[in-house]
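Here is the structure we will look at, set down as structure tokens.
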Amino acid sequence: MWLSLAFVSVALLGFYDAAKKKALTENAVLPVLLLNTLFSTLIFLPTILAAECGCGWFDGTVLASTPGDLHAHGLVLLKSAIVLTSWIFGYFGIKHLPITIVGPINATRPVMVLVGAMLVFGERLNFYQWTGVGLALLSLFLLSRSSRREGVDFTHNIWIVFVALSAVTGAVSGLYDKFIMTRLDAVFVQGWYNLYQLLMMAVVVGIVWWPRRRTTTPFHWSWAIPLISVFLSLADFAYLMALRESDAMISVVSMIRRGSVVVSFLCGAVLFRERNLRAKAVDLAFILAGMVFLWLGSR
């Protein structure tokens, strides 16, 4: 079941990346991210209220939750800070780079998670899973070469650095998710971490963007902004529910989730008319092959 939930999360994450790219086109990054956290909070706010007031609105459903103690809120607060750091780097990166480059770069995240999972949780991969990881790494090497045709040099581009930092902090988040999801309820985590992110992002926007709003990139409304929250909330919910299963392997789930690059790649080709698609399609083929081997190794 956890594999099925992971693949559902894959599709939703691809649409999330496409909505994010659309919303950030010629738009201010920080207020878009603030609104993202606002809409995500509103989606899960009823679950928080139901749990805190004991209303029982969602009893008997997957949205049922329970209140958490101070320790639980501390764990979620730390998750919020880690994820928000990853998002800030990632939002700036995807704004300035083609989505057909950003997606494959994010495929490095499961490899980092793999190393961490082996060190922290004692997970071990079989031959098929190692083959999938190797194919994913090969695809990144090929991408770094093909991207030069678009003037994107991986070693001298600040936005590549931002995407890489987003991937690193995202990998830390993945390992931390495996740790807290054996201790906390998935709905409690998602509801409160959205709320904490909203509060943190409001402070960042108030200090960094608002005083300089007239001298920097202006903000404009896009209907893609609420779609970011919808796709992300559904993707994260499927992801957290997958991690609740005792036999779920965080290294495999994280690698499978990078398959969202397939959806984002198609959106980059159809919606954003990005270039150099043939060479990138070869890179994408290696990622797809890696996903197949991971699936075979997890049956």
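Couple of notes before you dig in:
- Only one entry in 66, 37 is polar (S, T, N, Q) and surrounded by fewer than 22 Cβ atoms within 10 Å (Cβ to Cβ), namely 66.
- Filtering the range 196-252 to residues that are open to solvent by 60 Å² or more (accessible area, probe 1.4 Å), in contact with a helix residue (DSSP H, G or I) (Cβ under 6 Å, 6 or more places away or on another chain) and within 19 Å of residue 186 (Cα to Cα) leaves 234, 244.
- The single condition from (1) under 20 Å from the mean Cα position of the chain (by Cα); (2) not in a helix (DSSP H, G or I) that residue 214 fails is (1).
The values are calculated or read from the model by the stated rules, or taken from the named source; none is laboratory data. Quantities reported herein were computed from a predicted structural model and do not represent experimental measurements. For neighbour counting, all protein chains shown are included, and Cβ atoms are generated from backbone atoms with ideal geometry for every residue, glycine included. Calculation scope for accessible area: heavy atoms of the full protein, side chains included, ligands and nucleic acids excluded. Shrake-Rupley method; radii C 1.70, N 1.55, O 1.52, S 1.80 Å.
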